[in-house]
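Right, one structure below, let's go through it.
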Amino acid sequence: MLRTPVIAANWKMHLGPQRARTFAAELAAALPPQGNRTVLLFPSAVSLAAVGGVLYDRPDLMLGAQNIHFEDEGAYTGELSAPMAKEAGARAVLVGHSERRHVFGETDGAQAKKVAAAFRHGLKPVLCVGETIAEREAGRADDVVLRQLTTVTEGLDDAQLHELTIAYEPVWAIGTGRTATPRDASAMHAVIREAIHRRLGDAAVQVPILYGGSVKPDNAADLLRAENVDGLLVGGASLDVTNWVRIATA
Ligand code: 13P
């Protein structure tokens, strides 16, 4: 692997400020600074500041928001803007998570605008892509992922594309206990890498491509060893300190 592995925890709609603060403190105590890893935590928006408060002396643990709106401010009840996320302590943001796409009906076009908003405000975007089981069984997985990727990347200049992190999360693997095999993950990551290579040439090797979907302590190391897999995005297993530390150090 040529890149520093990126290990990210998506807490989804779990852990309000009090529990998130306690959890983050336990995590910081259990996980020594990882010189050779980038570790990201994506708490709920309402818990960002609380987690940031206990991690002020751990700049190695990077905080991110799970979602942003693409406008900076306005009459968007219930939404969080990039400048607000930043003010609350976020340095990164997940964009296009499958739950945003499939539960909340967000389009590829919206993801492109969110990535642009993230770059405008100095948040590192982690763009999530992935196909459903129906799309995979119909032989359309590559096309779907490339469409999701291209809709976002066509609006970026090369310097921005270079700063993008991509997370391949097959929808059928999220929260199902059905992990993609290292070989399947590797195959899709190669498709993504090739698309980036067409834009950036050899610099494409520096764009991290993470795998997500039922990552557990027992499969993390095998997935990380797979070619073109540069890191992991973890949901359920990141909500347990022991499991998370095992994955973050796998
Ligand atoms: P699980 O690890 O719970 O399958 O969730 C994956 C995910 O959606 C991370 O963003």
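Across the options Val152, Gly175, Gly139, the greatest Cα extent toward the positive end of the charge dipole of the stretch 130-189 (unit charges at beta carbon of Lys, Arg, Asp, Glu) belongs to Gly175.
In this rough spin-label picture, where each label sits 7 Å from Cα along the Cβ direction, the Arg19-Gln206 distance is 4.1 nm.
Name the shape class, rounded, prolate or oblate, that the alpha-carbon gyration tensor gives for the chain, where a ≥ b ≥ c are the square roots of its eigenvalues, rounded holds for a/c under 1.5, and otherwise prolate holds if a/b is larger than b/c and oblate otherwise. Rounded shape, in that the Cα axes give a/c under 1.5.
Assuming 0.36 nm per residue, please report the length gained on full extension of the stretch Arg3 to His162 beyond their Cα-Cα distance. Stretched out fully, the Arg3 to His162 stretch lengthens by 56.0 nm.
Dipole size of the stretch 14-152 about its Cα centre, with +1 on Lys/Arg Cβ and -1 on Asp/Glu Cβ: approximately 300 debye, rounded to the nearest 20.
Taking amide H atoms as placed 1.01 Å from N in the peptide plane, the amide H of Met62 lies under 5 Å from those of Val39, Leu40, Leu41, each 5 or more residues away in sequence or on another chain. Around the amide H of Leu94, modelled in the peptide plane, lie the amide H atoms of Ala65, Gln66, Asn67, Val126, all under 5 Å away and 5 or more residues distant in sequence or on another chain. Placing a label point 7 Å from the Cα of Thr181 along the Cα-to-Cβ direction, the residues of the stretch 224-250 with a backbone N closer than 15 Å are 226-227.
Count neighbours as other Cβ atoms within 10 Å of each site's Cβ, and list the trypsin sites (Lys or Arg not before Pro) in the stretch 69-108 that are DSSP loop with at most 16 such neighbours.
Arg91
Pairs of Cα atoms nearer than 8 Å and 6+ residues apart set the relative contact order; for the chain it is 20 percent.
Pairs of Cα atoms nearer than 8 Å and 6+ residues apart set the relative contact order; for the stretch 39-124 it is 30 percent. Cα centroids of the stretch 81-144 and the stretch 214-243: 20 Å apart.
Helical content alone sets the calculated 222 nm signal of the chain at -12000 deg cm²/dmol, taking -39,500 (n - 2.57) per DSSP H segment of four or more residues and averaging over every residue. The lysines within cross-link reach of Lys124, meaning a Cα-to-Cα straight distance under 19 Å and a gap of 8 or more places when in the same chain, are Lys12, Lys86, Lys113, Lys114.
Out of all DSSP beta bridges with both ends in the chain, state the antiparallel percent to the nearest 5. Given both bridge residues lie in the chain, the antiparallel proportion sits at roughly 0 percent.
Put a dot 7 Å past the Cα of Gln34, heading toward its Cβ, do the same for Asp143, and the two dots end up 3.7 nm apart. Each 10 Å bin from 0 upward holds the following percent of the Cα-Cα pairs of the stretch 138-250: 14, 45, 30, 11, 0. Phi-derived couplings, Karplus 6.51 cos²θ - 1.76 cosθ + 1.60 at θ = phi - 60°, listed residue by residue for the stretch 58-74: 10, x, 6, 9, 8, 8, x, 8, 7, 5, 9, 8, 7, 8, 7, 6, x Hz, with x used for Gly and Pro. For the stretch 12-119, the gyration tensor built on C-alpha atoms gives a prolate shape. Its axis ratio a/c (a ≥ b ≥ c) is at least 1.5, and a/b is the larger of a/b and b/c.
Give me the dipole magnitude in Debye, nearest 20, for the stretch 1-95 about the Cα centre, with unit charges on the beta carbon: positive for Lys and Arg, negative for Asp and Glu.
Computed charge dipole of the stretch 1-95: roughly 420 debye.
We did not get these values from a lab; they are worked out from the coordinates using the rules stated. As the structure is a prediction and not an experimental result, all values here were calculated from the model. As a convention, Cβ positions derive from the backbone with ideal geometry for all residues, glycine included, and neighbour counts pool all protein chains shown.
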